[in-house]
1. If you stretched the chain out fully between THR120 and LEU133, how much longer would it get, using 0.36 nm times the residue separation minus the C-alpha to C-alpha distance?
2. From the phi angles alone, apply the Karplus equation (6.51, -1.76, 1.60; θ = phi - 60°) to the stretch 148-160 and give each ³J(HN,Hα) in whole Hz, x where the residue is Gly or Pro.
Amino acid sequence: MTCAHCGAAARGTELYCSGCGRAFIPDVGVPRAQGAAAAATLTAPAPARQAVAPMAPGSRSWAAAAHATALVGALSGGIAAFVGPLIIWLVRRDDPFAGEHARQALNFNLSVLLYAVVGTAAGLIVTLLTIGLAALVLVPLALFAVVGYLVVSIVGALAAADGRPFTYPLTLPLFR
């Protein structure tokens, strides 16, 4: 049996693919209506697939947790948003998939914290210099940034849960 997602061959009675970590879907074969054309495609050599490193058990859960703990930390005060990804990165650093997702979440949340501190300080100075008129632009801009943060954090958690890589936008590479 081969994996319908990545094409890796199953060994024995495995329930999950060692190549991509997804559950095996049974091959139901080709419907009879397709006839000789379908048989020809089945006998044609398959294109070479890129080797995928096996995913550790629970790797996708840890990776999704890195994004989710950052989101929970941000919603519960903001400054602690990097603590969850930091802990997961320190614990699962040797796991390529979970470690990479945790590192991405950690770098993004530290970048957002840095942007927030610098942006708030600059915004206060500009607002004081313009006697409050800059707040008409800065407050909607800050709300837009918060919504954007929530969206990319949720997209990162969903990508991790699905077993896909994810890179945050506007992230400083603080941890490598």
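1. Numbers: separation 13, 0.36 × 13 = 4.68 nm, distance 1.53 nm.
Residue separation times 0.36 nm, minus the Cα-Cα distance, leaves 3.2 nm.
2. In residue order, the calculated couplings are x, 4, 4, 5, 5, 5, 5, 5, x, 5, 5, 5, 5 Hz.
Readers should treat all values here as calculations from the given coordinates under stated rules, not as data from a laboratory. Model, not experiment: these values are computed from the prediction.
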